[in-house]
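Here is the structure we will look at.
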Amino acid sequence: LCGTEMKMLENQMQYPIILGHEGAGIVESVGEGVSTVKAGDKVITLFLPQCGECASCLNSEDNYCIQLKQSHTSLMTDGTSRFTCKGKAIYHFANTSTFSEYTVIREISVAKVDAMAPLEKVCLISCGFSTGYGAAINTAKVTPGSTCAVFGLGGVGLSVVMGCKAAGAARIIGVDINKDKYAKAKQVGATECISPHDFKKPIQDVLVEMTGAGVDFCFEVIGNPEMVAAALASCHESHGVCVIIGLLNYGVQLNINGYLFFSGRSLKGSVYGGWKGR
């Protein structure tokens, strides 16, 4: 179960509900008017739909489709549920509900993939991998020769590391209190890994000292408001870019020293790595 879903369980959920927003499968049947997929097609599910008509979909720099907001009702976007158990309605999750052998999804929430694609691998493209990799490539726009720091080395964090490496970053510093994650992080591209628990000073001070002036790109992949502030403070004062990927609990306020922005740092959000899924 994704950490993001764990947090969302605490906020505005309607029960009973079928969770799951990452998956891949084979189309069994299609409804009236569906033209881009057919029975037998392999597809990945998209928690972030792409209607192709709203202002976000029509903007080349945007991917936050207006239809995503409709999924917060825990129903299909037409206001109905397609799941029942013993005659009672079951709620949907993120327009996908992938923790089910069968699910009903709108056409704009699936993307057809190659017939030879292994479903047990491409399912990761429907969220985890794309979210992390795209945050580095699309949102931060990591540059060759740059220095990056990644706070959180879970599945999404490792995907950020891969994105930074693919973009040509010269130094990729992984930050995590769980040292069991270091070997895998280095395997996929991290040049070094550190734990905040090993230092007496704040981790942002450690990173500034390690790099001389702060990192060029920093990614918070935990969803911890204190770590967001630390990640931003770890950035180079004049051109550092900090990207928040981890979901912060609803209503959480960030406590950030406004002076950090006076010199030119930037703080950005990212959803699904900036990709237009379809």
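The values are calculated or read from the model by the stated rules, or taken from the named source; none is laboratory data. What you see is a predicted model; the values in this text were computed from it and never measured. Cβ sites come from the backbone with ideal geometry, for glycine too, and all protein chains shown count toward neighbours. Quick note on the areas: whole protein, heavy atoms, side chains included, nothing else; ligands and nucleic acids left out. Shrake-Rupley method; radii C 1.70, N 1.55, O 1.52, S 1.80 Å.
Below are the figures for this structure:
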{"quantity": "Centre separation in Å (Cα based) which lies between region 146-225 and region 78-130", "calculated": "32 Å"}
{"quantity": "Sites Ser29 and Thr80 - FRET efficiency at Förster radius 30 Å, r taken between beta-carbons, to 0.05", "calculated": "0.95"}
{"quantity": "Residue (of Cys164, Ser263, Gly214) at the positive-pole extreme of the chain, dipole from beta-carbon charges", "calculated": "Cys164"}
{"quantity": "Cβ-derived FRET efficiency at R0 22 Å, Ile256 paired with Glu192, nearest 0.05", "calculated": "0.25"}
{"quantity": "Bins of 5 Å, starting at 0 and running to the largest distance - Cα pair percent for region 81-236", "calculated": "2, 9, 16, 18, 15, 10, 9, 8, 6, 4, 2, 1, 0"}
{"quantity": "For Arg82, residues with placed amide H under 5 Å, excluding near neighbours", "calculated": "Met76"}
{"quantity": "Residue-normalised accessible area of the chain, given per residue in Å² at a 1.4 Å probe", "calculated": "51 Å²"}
{"quantity": "Residues whose placed amide H lies under 5 Å from that of Cys235, excluding near-sequence neighbours", "calculated": "Val215"}
{"quantity": "Residue with peak Gaussian network fluctuation, the chain [Cα springs, cutoff 10 Å], from Ile26, Ile108, Ile173", "calculated": "Ile26"}
{"quantity": "For region 120-130, Karplus couplings with θ = phi - 60° (6.51, -1.76, 1.60), whole Hz, Gly/Pro x", "calculated": "5, 9, 5, 4, 5, 6, 6, 7, x, 5, 4"}
{"quantity": "Relative contact order, percent, the chain [alpha-carbon distance under 8 Å, six or more residues apart]", "calculated": "18 percent"}
{"quantity": "Solvent-accessible area, 1.4 Å probe, carbon plus sulfur percent, for the chain", "calculated": "54 percent"}
{"quantity": "Lysine pairs meeting the criterion (Cα under 22 Å, 8 or more apart or interchain), as found in region 130-273", "calculated": "11"}
{"quantity": "Rh (Kirkwood; distinct C-alpha pairs) - the chain, Å", "calculated": "19.8 Å"}
{"quantity": "Helix-only CD estimate at 222 nm, as mean residue ellipticity for the chain, using -39500 (n - 2.57) per DSSP H run (n ≥ 4)", "calculated": "-5500 deg cm²/dmol"}
{"quantity": "Amide H partners (placed H, <5 Å) of Ile17, local residues excluded", "calculated": "Tyr91"}
{"quantity": "Trypsin sites (Lys or Arg not before Pro) lying in DSSP loop within region 76-146, provided at most 10 other Cβ fall within 10 Å", "calculated": "Lys86"}
{"quantity": "Peptides ranked, highest mean first, by Cβ atoms within 10 Å: ranges 265-271, 92-98", "calculated": "92-98, 265-271"}
